[in-house]
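This report refers to the structure that appears directly beneath it.
The values are calculated or read from the model by the stated rules, or taken from the named source; none is laboratory data. Keep in mind that this is a model prediction, so the values were computed, not measured. Don't worry about glycine lacking a Cβ; one is built from the backbone with ideal geometry, like all the others, and counts go over all protein chains shown.
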């Protein structure tokens, strides 16, 4: 397939026109993908590969600073938008290290405020970069004309950033989300009624059963989230809309107008909550049965004997961890009879035991599905947590940032995980946590139960996701599954106008009745007096 | 399979014990079914037959007055509860004729009130009868002990009446609903957040896009529905609970505690609205491709030539219709070039044309799927409407009572149906409506579009329903899909306590601040005065 690797914006027009011209000969549909970097791309990539296998042609938008989304690919064409400042590996690494530093510091209120400010400022920067990318695209008329003439059947995007949403609106193309986050808030909060009495705001660390004070905390978190979304993030995109769209649009309406929301959770993982007909749950779509391990890894795993193996990974984003942090963990591992496979790219800790194998990369899914694996030490990213659930492996969680605590908390609530805060990581605590998860059978039993529930579905999550993507292409949208209630003013949506009107009517009736009775009483009294006189 | 046809309550114990004893040898699970009569049974019967084919053993509860649910069956065992007064054919027929009389009368407000009172009174009677059946069962210790020892894996019930719900609670068995109505209200209203601003109350005849006055009407309907459910119907069951359950239970909590709700709608039919993770949509599960017609019917259909055939049926409940009503319809049919097949059990109308064939029963699904069928004259029962959608046949609707107007209204809103009120039925109106639906292509095109959308599902609705019934048996419930928010007090659920608390805190802060400022001002003023003095 011809590559569409464009280093400068002007160069893309002839290729896009060619793409448009050859439309009738292409198998399947034409999909424009606006992905998000890092672990989000790992997810999106799985969908893209499958869509390519099904005969659809894929065009991916990336920037010249993209580090996960490569320019060269055998299964998609890339449109590379040139940027000076990028949402790149260095940008992310710097923020994550700062966050970890704060996490390890003491003083919970100060820590909380510092983290909030840092996260918010980083989020704002990242969304600003996205808006710059959008502006560059909209300014490039040849590119936009080319995209328009390509007659895409679908825009597939991760709405953690809103570039795909604005592009779909501009191109008038149906929109499907591969979603967990929507510009800084958890996806459901944008779409479905979410009573704060039993739906915890992500980041609050709360469950669906809350005490009064927890519900107060949850509402305060809701206010913070609303403030961030409405007054800090959304206005950035609103400015882009105002500049480049002819008609007046509201960004939050655009967000809610997507045809299908492919949610990267399911209700074995997530607490039960209201949902909408156009939400399709594909949690764990990336999980699959384990393949055989490479021979050297298999030999290492088998050498663990009856004790089995512990896996450890802190995810795709974290490359460096502070050395004392690594030393504590290594020392705890060294005190155990199990073998350990640790995905670690920093310096080799001096306390590392003979039982621990450091690797730069590991086939995580295949390892988690190996019968010798006894526990998984994880940071709590969605992908890892879902894989642990799929394979029924208990977890020792060390959440670092974002939603990681909440992800792990969902496993903990079901009795499948033990959580250690970054601040409390030392040899003794890590060792105790590992021993509890390894030798208390309930952890494994609970994860196995979750695994059975997760796997017992009428159709596999990946198949379900692909079905609905193709459904939207077949029917040019899925308007029948989508309410348009988001177009109502807030006071109408919440029936405040109707309530006020009915109250006014009732008050009037009561007032008339009271006045009537009063009048009658006065008249009767008067008559009575007259009679007496 | 041994028949469990019990004419007296005491006689059932040995048979139930035998059933319990042979458990390990039985294939599949043991399902206790508490059905509802009439067209509701037609639906339930399809599920029961399929479950039987999959190797499950089914026990159905019926009364000695049941007329659809037969005592003898090759695919279920029956427990017959002896009753003196029954929710029987006569009871229903009498009410329906009264309702039709009122519908045909003039004066919309009086008509509305009379209908409401009649329906409410009939509903109350029917629920009272159900409560009597429940009392008879609970009083019969041998029967209840037998049911308990049968160790059912599941209670499958239609919660339009709550007998199955109370039985499941008593027997501590997982509960699955085959549902559209829950003790007088549409099912979703019991379960999912339902903003009245865009979710029309069934019976209101409104869509999901309402003007201000329509939203006022919708809220008033909501109040009526709430009043009926809470103060008229629920207390009947609450009294049964108080008498026969040891612990204190709340009926509406029992209703909401069901594991899976198999909803007899889908979102091709229903307006999009919030839903919950344990709601499984199986709308149209009874529909299937048409089988060949019996030869005489096929000959009749073919004789219609290019004009095609019109079908007419007013459903399972209506056996008699007023003769002038029948005469008008027959006269309209006679004026058309199409052939007509009319399911009619009353007297033969004198105006009947040669083109019209009266039948006592017809293979409705096979006829609707025949390519010669041009239109369907229907009362708007859920089954018929779903079948028309499945086969893409446009509808002329004459709604008689209950949810029939709302069902037809959903087709009308999508451009697939024309509605005639019972009061407006005369030769001219019926003829005009038929001609419009027959010769205006948009009606057929829209129904064909709905048919394509409805059929385009990753798994057939019936398969989906059966999967989730068996899921509940495999995992002994589906607690992970069910919120327990219904256990919260209403003021907590709606966060009123939290809101009041936060307002109080804010007010206190503001008051302290204002007082502080006032104090400071006073002091400054005093000092100023002292200085001046």
Original post:
Based on what the data block shows, is residue A:272 in contact with a strand residue (DSSP E or B) (Cβ under 7 Å, 6 or more places away or on another chain) and either outside any loop (DSSP other than H, G, I, E, B) or in the same structural domain as residue A:164 (by TED's automatic domain parsing) (or both)?
Top reply: no
Original post:
Is it the case that the range A:435-446 has a residue that's in a loop (DSSP other than H, G, I, E, B) and outside the structural domain of residue A:151 (by TED's automatic domain parsing)?
Top reply: yes
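Condition test on residue A:494, is it touching a helix residue (DSSP H, G or I) at 6+ places or on another chain (Cβ under 9 Å), within 11 Å of another protein chain (Cβ to nearest Cβ) and either buried (at least 16 other Cβ atoms within 10 Å of the Cβ) or farther than 30 Å from residue A:29 by Cα (or both)?
When the stated conditions are applied, residue A:494 does not pass them.
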Original post:
Can you pull out the residues in the range B:223-249 that are closer than 13 Å to residue B:127 by Cα and under 18 Å from the mean Cα position of the chain (by Cα)?
Top reply: B:228, B:229, B:233, B:234
Original post:
What's the number of the condition residue A:267 fails, among (1) closer than 30 Å to residue B:260 by Cβ; (2) surrounded by fewer than 23 Cβ atoms within 10 Å (Cβ to Cβ); (3) in contact (Cβ under 8 Å) with a residue 24 or more places away in the chain?
Top reply: (3)
**OP:** Please name all residue pairs, on different chains or six or more residues apart, with Cβ atoms under 8 Å, provided the first residue is in the range B:472-491 and is within 7 Å of chain A (Cβ to nearest Cβ) and the second residue is in a helix (DSSP H, G or I).
**Re:** B:475/A:452; B:475/A:453; B:480/A:453; B:485/B:493
Subject >> Residue, nearest to residue B:180 (Cα to Cα), within the range B:57-76, restricted to residues that are surrounded by 22 or more Cβ atoms within 10 Å (Cβ to Cβ) and touching a residue at least 40 places away in the same chain (Cβ under 8 Å) >> reply: B:61
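What tally of residues in the range B:249-270 results from selecting those that are more than 8 Å from chain A (Cβ to nearest Cβ) and over 27 Å from residue B:473 (Cβ atoms)?
The qualifying residues number 2.
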Original post:
Inside the range B:427-459, can you point out the residues that are within 11 Å of chain A (Cβ to nearest Cβ) and either surrounded by 16 or more Cβ atoms within 10 Å (Cβ to Cβ) or in contact with a helix residue (DSSP H, G or I) (Cβ under 7 Å, 6 or more places away or on another chain) (or both)?
Top reply: B:449, B:450, B:453, B:454, B:456, B:457, B:458
Original post:
Among (1) in contact (Cβ under 8 Å) with a residue 40 or more places away in the chain; (2) part of a loop (DSSP other than H, G, I, E, B), which single condition is residue A:252 missing?
Top reply: (2)
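Do you know which of the residues in the range B:290-305 that are surrounded by 14 or more Cβ atoms within 10 Å (Cβ to Cβ) and in contact with a helix residue (DSSP H, G or I) (Cβ under 8 Å, 6 or more places away or on another chain) is farthest from residue B:391 (Cα to Cα)?
Looking at residues that are surrounded by 14 or more Cβ atoms within 10 Å (Cβ to Cβ) and in contact with a helix residue (DSSP H, G or I) (Cβ under 8 Å, 6 or more places away or on another chain), I get B:297.
Among the residues in the range B:64-77, are any in a helix (DSSP H, G or I) and modelled with pLDDT of 95 or more?
Within the range B:64-77, not a single residue is in a helix (DSSP H, G or I) and modelled with pLDDT of 95 or more.
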**OP:** Please give the helices (runs of 4 or more DSSP H) falling wholly within the range A:107-199 in which 1 or more residues are within 30 Å of residue B:489 (Cβ to Cβ) and more than 14 Å from chain B (Cβ to nearest Cβ).
**Re:** none
